[in-house]
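Trainee: Pasting in a structure now, in structure tokens, and then I'll have a few things to ask.
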Amino acid sequence: MSILLTGGAGFIGSHTAVELINAGYEVIIADNLANSNKKVIDRIEKITGTRPKFYEINVAVKEDVYKIFDENHIDGVIHFAGFKCVPESTRIPLKYYRNNLDTTLTILEVIEERNCRALVFSSSATVYGDKNPVPLKEDMPTGSSTNAYGSTKLMIENIIKDVSRASKDFSAVLLRYFNPIGAHPSGLIGEAPDGIPNNLMPYVTQTAIGVRDHLNVFGTDYNTHDGTGVRDYIHVVDLAKGHVAAIKYATEHVGVEAINLGTGKGSSVLDVVHAFEKANNMNIPIEYGERRPGDVDASYASVEKAAKLLNWHAEYTLEDMCKHSWNWQKNNPNGYEDK
Ligand code: UFG
């Protein structure tokens, strides 16, 4: 079976490509390298022994997506392509609406025209908003978002649900990611943020390697066990395996399902820092600061639906995630720019 990964050179896409190849799928990657690097394709080949087919295109451009469908038989699409920086989306909302919606609309139109009925979409736990109690369950009401990035995820979920209602043989899985961290155990692929990282783990690893002199802990008065924000951190390889299970599900069923990909366990910012220090035997200097606007106290997943429908659950521990994040960072101090 051949699976098209839009945004397949990115952090989650590249790990998913590896797991799909390991599971026997043929992988075709479409990526405009807006926030990724072509070297990823070499690294995927190095890990798996198989080079995925690569198209350097913008998947918002229909003619370019047609070309992929003309040249390949595509059984399913995993749609990762999209911008993901929350603060940037607040500063430049139209960039997010234009790109994230355009890419999705093109993919939806082409898969309909070309009779490819299985889609997996990269959604986010952000769609739950800040009013639901934890653990977050798929049948809870989706909230309103405080940023344009989150709004695009919510809008796209609704667009896909409308398409599903109108087309009885269409199948989609909306994967609601919690907080992916870690890296492939080989240290060959990982997260390579452009500029100052927004997310916790890349900031921790850059502090560990000395690019940043300390980690700022955003807020100490949250309603959590130690006052710092609690999140459900999931190893990116577990997350990638969740996509393999989801595309299998989508090719075998019709209709649309939203499914959480998380571990079901919450860890605070300080839990992560301490786990990282212990796993890698080093000290991370921290400074306590103000809350970051828009952050919630705690977010972690209910994981029953993923177990039931996808027969999938996360296996790696927080210690593994910390070890593998550091292994990636220390082998690639400047991301993909080095080798
Ligand atoms: N944090 C710090 N210091 C930092 C960075 C983060 O203390 O330098 C804290 C945050 O306040 C939060 C936790 O670490 O408590 C995790 O923050 P991240 O930015 O790593 O992750 P978020 O949970 O804020 O964001 C993630 C995804 C978004 C998604 C959001 C909501 O990165 O794509 O979850 O689901 F929108």
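Trainee: Can you name every residue in region 226-236 that is touching a Gly at 6+ places or on another chain (Cβ under 9 Å) and either part of a strand (DSSP E or B) or over 21 Å from Thr6 (Cβ atoms) (or both)? Working first, answer last.
Mentor: Narrowing region 226-236 to residues touching a Gly at 6+ places or on another chain (Cβ under 9 Å): 227-236.
Listed by number, the residues that qualify are Gly227, Thr228, Gly229, Val230, Arg231, Asp232, Tyr233, Ile234, His235.
Trainee: Does any residue of region 127-136 turn out to be within 14 Å of the ligand (Cβ to nearest atom) and touching an Asp or Glu at 6+ places or on another chain (Cβ under 8 Å)?
Mentor: Yes, region 127-136 contains at least one residue that is within 14 Å of the ligand (Cβ to nearest atom) and touching an Asp or Glu at 6+ places or on another chain (Cβ under 8 Å).
Trainee: Still on this structure: Would you please list the contacts, defined by Cβ atoms under 8 Å and residues six or more apart or on different chains, that run from a residue in region 77-90 that is open to solvent by 50 Å² or more (accessible area, probe 1.4 Å) to a residue that is within 13 Å of the ligand (Cβ to nearest atom) and hydrophobic (A, V, I, L, M, F, W, C)?
Mentor: Sorted first by the residue in region 77-90, then by its partner, the pairs are Thr90/Ala148.
Trainee: Consider region 114-150. How many of its residues are among the hydrophobic types (A, V, I, L, M, F, W, C) and in a loop (DSSP other than H, G, I, E, B)?
Mentor: At the first step, the residues of region 114-150 found to be among the hydrophobic types (A, V, I, L, M, F, W, C) are 116, 118-121, 125, 127, 134, 136, 140, 148.
When the remaining residues are screened for being in a loop (DSSP other than H, G, I, E, B), the result is 116, 134, 140.
Residues in region 114-150 being among the hydrophobic types (A, V, I, L, M, F, W, C) and in a loop (DSSP other than H, G, I, E, B): 3 in total.
Trainee: What residue, among those in region 274-289 that are aliphatic (A, V, I, L, M) and more than 9 Å from the ligand (Cβ to nearest atom), is farthest from the chain's Cα centre (by Cα)?
Mentor: Step by step, filter region 274-289, then rank; the result is Met282.
Trainee: Scan (1) surrounded by fewer than 23 Cβ atoms within 10 Å (Cβ to Cβ); (2) at negative phi for the single condition Asn311 breaks and write down its number.
Mentor: The failed condition is (2).
Matching residues to (1) assigned to a helix (DSSP H, G or I); (2) of a type in the set (Ser, Thr, Tyr); (3) away from the ligand (no atom under 15 Å from the Cβ); (4) under 21 Å from Tyr25 (Cα atoms):
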{"site": "Asp238", "(1), (2), (3), (4)": "yes, no, yes, yes"}
{"site": "Gly242", "(1), (2), (3), (4)": "yes, no, yes, yes"}
{"site": "Arg291", "(1), (2), (3), (4)": "no, no, no, no"}
{"site": "Lys305", "(1), (2), (3), (4)": "yes, no, yes, no"}
{"site": "Lys308", "(1), (2), (3), (4)": "yes, no, yes, no"}
{"site": "Glu315", "(1), (2), (3), (4)": "no, no, yes, no"}
{"site": "Glu319", "(1), (2), (3), (4)": "yes, no, yes, no"}
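Trainee: Among the residues of region 113-126, write down those that are of a type in the set (S, T, N, Q) and either within 13 Å of the ligand (Cβ to nearest atom) or under 16 Å from Val256 (Cα atoms) (or both). Break it down stepwise before answering.
Mentor: Step one: filter region 113-126 for residues of a type in the set (S, T, N, Q), giving 115, 122-124, 126.
Residues satisfying the conditions are Ser122, Ser123, Ser124, Thr126.
Trainee: Shifting gears a bit: Would you tally the residues in region 218-228 being under 24 Å from Asn281 (Cα atoms) and buried (at least 19 other Cβ atoms within 10 Å of the Cβ)?
Mentor: 1
Trainee: Can you find, within region 139-183, the residue that is farthest from the chain's Cα centre (by Cα) among those that are more than 27 Å from Gly266 (Cα to Cα), of a type in the set (Lys, Arg) and at pLDDT 95 or above?
Mentor: Per the criteria, the residue is Arg165.
Trainee: Here's something else I'd like to know. Can you spot a residue in region 210-233 that is of a type in the set (S, T, N, Q), under 25 Å from Phe121 (Cα atoms) and within 13 Å of the ligand (Cβ to nearest atom)?
Mentor: no
Trainee: If Leu105 satisfies every condition in (1) open to solvent by 60 Å² or more (accessible area, probe 1.4 Å); (2) closer than 30 Å to Asn334 by Cα; (3) away from the ligand (no atom under 16 Å from the Cβ); (4) assigned to a helix (DSSP H, G or I) but one, which is the exception?
Mentor: Tallying (1) open to solvent by 60 Å² or more (accessible area, probe 1.4 Å); (2) closer than 30 Å to Asn334 by Cα; (3) away from the ligand (no atom under 16 Å from the Cβ); (4) assigned to a helix (DSSP H, G or I), Leu105 fails exactly one: (2).
Trainee: Turning to a different aspect of this structure: In region 194-209, how many are within 8 Å of the ligand (Cβ to nearest atom) and open to solvent by 30 Å² or more (accessible area, probe 1.4 Å)?
Mentor: Matching residues across region 194-209 total 4.
Trainee: Moving to a separate point now. Restricting attention to region 266-288, and to residues there that are over 19 Å from Val211 (Cβ atoms) and part of a strand (DSSP E or B), which single residue is most open to solvent (accessible area, probe 1.4 Å)?
Mentor: Tyr288
Trainee: So which residues in region 168-193 are within 12 Å of the ligand (Cβ to nearest atom) and basic (Lys, Arg), if there are any at all?
Mentor: Residues of region 168-193 within 12 Å of the ligand (Cβ to nearest atom): 176-181, 191, 193.
Within region 168-193, just Arg176 meets the criteria.
Trainee: Cβ-Cβ under 8 Å, sequence separation 6+ or interchain: first residue in region 122-142 and under 28 Å from Ile107 (Cβ atoms), partner of a type in the set (Val, Ile, Thr) and open to solvent by less than 50 Å² (accessible area, probe 1.4 Å). Which pairs?
Mentor: Ser122/Ile12; Ser122/Ile78; Ser123/Ile156; Glu138/Ile259; Thr142/Val127
Trainee: If a residue has to be in contact with a Cys (Cβ under 8 Å, 6 or more places away or on another chain) and more than 12 Å from the ligand (Cβ to nearest atom) to count, how many in region 137-165 make the cut?
Mentor: Result for region 137-165: 0.
The values are calculated or read from the model by the stated rules, or taken from the named source; none is laboratory data. All of these numbers come straight from a predicted model, not from anything done at the bench. Cβ atoms come from the backbone with ideal geometry, glycine included; neighbour counts cover every protein chain shown. Quick note on the areas: whole protein, heavy atoms, side chains included, nothing else; ligands and nucleic acids left out. Shrake-Rupley method; radii C 1.70, N 1.55, O 1.52, S 1.80 Å.
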